[in-house]
Amino acid sequence: MMDTAPLRAAYGALLDAAATAAEPGAAPPPGEWSADQIPAHVVLINTATIAAVSSAATGAVTTYDNRLAQDAWTIERVVTLTGGGAGLRNRIGHQADALCALAMSCGEAELDTPVPALLLSEGEVLVDQPMRLRDLVAGLAEAEIPGHTRQLRALHD
């Protein structure tokens, strides 16, 4: 069973930062995402991760590709569909609960399943090779979510 406490803590910090960044006066530097675009990106990352964990847990072949989560039109569509701000935070909270529950329900064999992964950041390829499912989930807690938490905090500083 996977310890999801670090992931839950990362999501808690992100949601706090997103609530603060949603306050008036939080404007992104040129070329950076807004207080709604960052959480919308996280919603898309969560969706891809939940899909990968769900597929691996059923023995289905799966992949992990974060390119859609960086697409400007798709990010804006998520903002529109959720209503932005509180709607995005609500979605992330529910996705965090779902992802943690799924990860905790997986056995060691499922968590060790290699998943073909393509991870990009700002157009740069970070990973283009199979990763264990547990490493994809742990990467959210260790890097992805904290990185976006810092982005949101920077909007309000």
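The values are calculated or read from the model by the stated rules, or taken from the named source; none is laboratory data. Worth saying up front: this structure is predicted, and the values here are computed from it rather than measured. Here the Cβ is made from the backbone with ideal geometry for all residues, glycine too, and neighbour counts use every protein chain on show. Note: areas computed on protein heavy atoms with side chains; ligands, DNA, RNA excluded. Shrake-Rupley method; radii C 1.70, N 1.55, O 1.52, S 1.80 Å.
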Length gained if ASN90 through LEU126 is fully extended, taking 0.36 nm per residue and subtracting the Cα-Cα distance, is 10.0 nm
Can you compute the modelled spin-label distance between THR20 and ALA109, with each label point 7 Å from Cα toward Cβ, in nm?
4.5 nm
Where the only charges are on Cβ atoms (+1 Lys, Arg; -1 Asp, Glu), what is the dipole of segment 28-136 about its Cα centre, to the nearest 20 debye?
300 debye
Among the GluC sites (Glu not before Pro) in segment 85-148, which ones are in a DSSP loop with at most 11 other Cβ atoms within 10 Å of the Cβ? Mind listing them?
GLU122
Compute the whole-percent fraction of alpha carbon pairs in segment 6-120 spaced more than 21 Å apart.
42 percent
Shape call, segment 83-127: gyration tensor on alpha carbons, a/c limit 1.5
oblate
Mind listing the long-range amide H neighbours of LEU126? Cut-off is under 5 Å, sequence gap 5 or more, other chains count too, H placed in the peptide plane at 1.01 Å from N.
LEU119, LEU120, SER121
Here the gain from full extension of GLN70 to ASP3, 0.36 nm per residue of separation minus their alpha-carbon distance, amounts to 21.3 nm
Just to be sure I understand the curve: with the Debye formula and one point per C-alpha of segment 55-154, what is log10 I(q)/I(0) at q = 0.10, 0.16, 0.18, 0.20 Å⁻¹?
-0.32, -0.85, -1.07, -1.27
How much accessible surface area, in Å² rounded to 10, belongs to the heavy atoms of VAL43 with a 1.4 Å probe?
0 Å²
For a quick check: with amide H placed at 1.01 Å from N, whose amide H comes under 5 Å from ARG132's, ignoring anything fewer than 5 positions away on the same chain?
VAL115
Express in nm, to one decimal, how much length is gained between ARG150 and ALA60 on full extension, taking 0.36 nm for each residue of separation and deducting their alpha carbon distance.
28.9 nm
Could you work out the relative contact order of the chain, using alpha carbon pairs under 8 angstrom and six or more residues apart, expressed as a whole percent?
39 percent
Just by accessible area at a 1.4 angstrom probe, what is the order of MET104, MET1 from largest to smallest?
MET1, MET104
